[in-house]
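The values are calculated or read from the model by the stated rules, or taken from the named source; none is laboratory data. Not measured: the values here are computed from a predicted model. Reconstructed Cβ throughout: ideal geometry from the backbone, glycine too, with neighbour counts over all protein chains shown.
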Amino acid sequence: MKGVILAGGLATRLRPLTLVTNKHLLPIYNKPMIYYPLEAMRKAGIKEVLLTTSGDHAGDFATLLKGGEEFGLQISYTIQQNAKGGIADAIGLAERFASGESILVMLGDNIFNFDLGESVRQFESRGSGAMIFGVHKDTGSKQYGVIEIDSSGKVISLEEKPEQPKSDIAQTGIYMYDTRVFEYIRKLMPSDRGELEVTDLNALYLKEGALTCEIIDWWVDAGASFDELLAANNRVAQMVKEGKL
């Protein structure tokens, strides 16, 4: 399995912090934000990672991360020309990099400490389908995609920021896909926002009964707002001080 980290976008919700820098280079306590998904990839046993970003910040990432030696990874870079293309569009840029292998995808502003290693092993042993990751959270705030699952972890339904959520499981920005993912991305049509939506991609796997969900203990979408960025800093600072991170 290979890794893909998505670190593009315009980050308009974090301006003026992001007027001159990419949000994934902002600090989360004692490290740049992008370090956290890279360390999660390493912990999961991934060796090769593709980082997708915008052209105006690609040099900043390369200067900071170089070839990935500090993380025990081999990092490659690619440019998402259309910053508004959507998450699924960015995933599609990894087709040549994946080279016929399954992929673990993370949004670069997701902060968590769950060890994905066992999930990777289980997914690879299964051989096909897709896996998404959720966390128990207040889904009534209409900020999150909501996942409904059965007792085995199989996904029953997916809803994007519903008025009346069917569960308290919020969808995180962590995904695993089999080799069919790029074929499925080519079938997607832009949403009303003009993007290729990752929810629509996951729905294709759901339709064929091949989508499962794993629950993680905690997660912060640090790029969602100033409050979430602060929450991520506070959570990580506390865990570092307690020796848990």
> R235 versus (1) touching a Phe, Trp or Tyr at 6+ places or on another chain (Cβ under 8 Å); (2) crowded, with 20+ Cβ neighbours inside 10 Å; (3) under 19 Å from A94 (Cβ atoms): which is the lone unmet condition?
Replying inline: (3)
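From the list P16, P27, P37, which one is of a type outside the set (D, E, K, R) and without any contact (Cβ under 8 Å) to a residue 12 or more places away in the chain?
After ruling out the rest, the residue left standing is P16.
If we keep just the residues of the stretch 21-36 that are part of a loop (DSSP other than H, G, I, E, B) and not hydrophobic (A, V, I, L, M, F, W, C), which is surrounded by the fewest Cβ atoms within 10 Å (Cβ to Cβ)?
Looking at residues that are part of a loop (DSSP other than H, G, I, E, B) and not hydrophobic (A, V, I, L, M, F, W, C), I get N30.
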> Does the stretch 79-100 include one or more residues that are polar (S, T, N, Q) and more than 29 Å from R13 (Cβ to Cβ)?
Replying inline: yes
> How about the stretch 97-131: which of its residues are hydroxyl-bearing (S, T, Y) and within 18 Å of the chain's Cα centre (by Cα)?
Replying inline: S102, S119
> With the stretch 40-108 as the region, which strands (runs of 3 or more DSSP E) entirely inside it contain at least 2 residues that are free of Cβ contacts under 8 Å to residues at least 40 places away in the same chain and on the phi < 0 side of the Ramachandran plot?
Replying inline: 74-79
>> Restricting to the stretch 2-21, and then to whatever is within 16 Å of the chain's Cα centre (by Cα) and modelled with pLDDT of 95 or more, can you tell me which residue is farthest from Y175 (Cα to Cα)?
In response: A7
>> So in the stretch 37-60, with the set limited to residues that are of a type in the set (S, T, Y) and surrounded by 22 or more Cβ atoms within 10 Å (Cβ to Cβ), which one is nearest to the chain's Cα centre (by Cα)?
In response: T52
> K154: touching a residue at least 24 places away in the same chain (Cβ under 8 Å) and either in contact with a strand residue (DSSP E or B) (Cβ under 6 Å, 6 or more places away or on another chain) or surrounded by fewer than 20 Cβ atoms within 10 Å (Cβ to Cβ) (or both), yes or no?
Replying inline: yes
> How about the stretch 188-225: which of its residues are surrounded by fewer than 16 Cβ atoms within 10 Å (Cβ to Cβ), within 19 Å of the chain's Cα centre (by Cα) and either of a type in the set (F, W, Y) or in a loop (DSSP other than H, G, I, E, B) (or both)?
Replying inline: D217, W218, S225
>> Which residue is surrounded by the fewest Cβ atoms within 10 Å (Cβ to Cβ), if the candidates are limited to the stretch 131-151 and must be polar (S, T, N, Q) and within 18 Å of W218 (Cβ to Cβ)?
In response: S141
